[in-house]
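Asks: Input: one structure, supplied below.
The values are calculated or read from the model by the stated rules, or taken from the named source; none is laboratory data. Just so it is clear, the structure is predicted and the values come from calculations on it, not from any experiment. Every residue, glycine as well, gets a Cβ built from its backbone with ideal geometry; the counts of neighbours run over all protein chains shown. All accessible areas refer to the heavy atoms of the entire protein, side chains included, with ligands and DNA or RNA removed. Shrake-Rupley method; radii C 1.70, N 1.55, O 1.52, S 1.80 Å.
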Amino acid sequence: TYYMEGDTGHPVFDTIYGKIAINICYGRHHPLNWMMFGLNGAEIVFNPSATVGALSEPLWPIEARNAAIANHYFAVGINRVGTETFPNQFTSGDGKPAKNKFGHFYGSSYVAAPDGSRTPGLSRVQDGLLVAEIDLNLCQQVRDKWLFNQTARFDLYAEALQKYCSHDFKPQLIK
């Protein structure tokens with residue numbers, strides 16, 4: 001498989017620049033990854049990606065921004081531009097014929113803040129450099145204002161997830 005899940009948890013690195021984490025590429029599609037970085041104290045979560053259009057591009061401007069809001073940190077969506085050609089053909093498991101191009105990487109990198117604001121995205125087709133000044137105090141200011149972690153039901157979520165992971169899980173479905 002092209003994608004392999006990791007088993008290192010959701011570490012946050014306490015640096016002189018802030019508490020940073022890396023949510024690699026496909027991990028951005030899983031909200032609990034973003035949440036775990038927040039619970040571990042991240043102030044900035046970088047999400048480097050090599051992502052092509054079609055299915056995921058409509059999600060791109062939303063996922064990191066939602067994560068920044070829900071978890072009270074800065075989220076940085078980083079995506080490359082251009083296309084890549086491989087010497088050997090491959091399939092993507094989608095039933096389509098083998099190919100040797102991965103598709104168009106649509107760039108559009110941006111920084112999202114915990115208050116919901118964000119920078120404009122970089123180009124879809126040209127390399128670029130995004131420099132943003134961020135105030136890490138905003139993480140705590142938003143946390144104090146919105147109180148998401150104080151009003152969350154983590155004990156209830158943990159219990160529900162534990163049940164979901166069991167072999168005899170039954171959804172809480174009311175008819």
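Asks: Enter the Cα centre distance for the pair region 102-175 and region 9-51, rounded to the nearest angstrom.
Replies: Rounded to whole Å, the Cα centres lie 9 Å apart.
Asks: If I ignore ligands, DNA and RNA and count only protein heavy atoms, how much of LYS96 is accessible to a 1.4 Å probe, in Å² to the nearest 10?
Replies: 130
Asks: Then there is this: Which of the lysines could a cross-linker span from LYS163 if the Cα-Cα distance has to be under 22 Å and same-chain partners fewer than 8 positions apart are dropped?
Replies: Here the lysines satisfying the reach criterion relative to LYS163 are LYS175.
Asks: Same structure, new question: Assigning unit charges at the beta carbon (Lys, Arg +1; Asp, Glu -1) and nothing else, what dipole magnitude in debye, to the nearest 20, does the chain show about its Cα centre?
Replies: It comes to approximately 520 debye.
Asks: Right, something else. Under a straight-distance cross-link criterion of Cα-Cα below 30 Å, which lysines are reachable from LYS145, leaving out those fewer than 8 residues away in the same chain?
Replies: LYS19
Asks: Please give me the summed charge of the neighbours of ASP115: other residues whose Cβ is under 15 Å from its Cβ, Lys and Arg +1, Asp and Glu -1.
Replies: Around ASP115, the charge tally is 0.
Asks: GLY53's amide H: which non-local residues (gap 5+, or another chain) put their own amide H closer than 5 Å, with H modeled 1.01 Å from N in plane and none for Pro or chain starts?
Replies: Amide H neighbours of GLY53, under 5 Å, 5+ apart: HIS104, TYR106.
Asks: So what's the net charge close to ILE44: Lys and Arg +1, Asp and Glu -1, counting the other residues with Cβ under 15 Å from its Cβ?
Replies: 0
Asks: On full extension of the chain, what length is gained from LEU156 through CYS25, given 0.36 nm per residue of separation minus the C-alpha to C-alpha distance?
Replies: Fully extending the segment from LEU156 to CYS25 adds 44.3 nm.
Asks: Would you mind working out the accessible area per residue for the chain, using a 1.4 Å probe, and quoting it in Å²?
Replies: Heavy-atom SASA per residue in the chain reads 68 Å².
Asks: Label region 10-72 by shape, choosing from rounded, prolate and oblate, from the square roots a ≥ b ≥ c of the eigenvalues of the Cα gyration tensor; if a/c is under 1.5 it is rounded, and otherwise prolate applies when a/b is larger than b/c, oblate when it is not.
Replies: prolate
Asks: Separate question: Rounded to the nearest 10 Å², what accessible area does PHE86 have for a 1.4 Å probe in the complete protein model?
Replies: Answer for PHE86: close to 60 Å² accessible.
Asks: Right, something else. Using only the Cα atoms of region 3-148, build the gyration tensor, take square roots of its eigenvalues as a ≥ b ≥ c, and label the shape rounded, prolate or oblate: rounded if a/c is under 1.5, else prolate if a/b is larger than b/c, else oblate.
Replies: Prolate, since a/c reaches 1.5 and a/b exceeds b/c.
Asks: Once neighbouring chains are kept in place and the probe is 1.4 Å, which whole percent of the accessible area of the chain is contributed by carbon and sulfur?
Replies: 58
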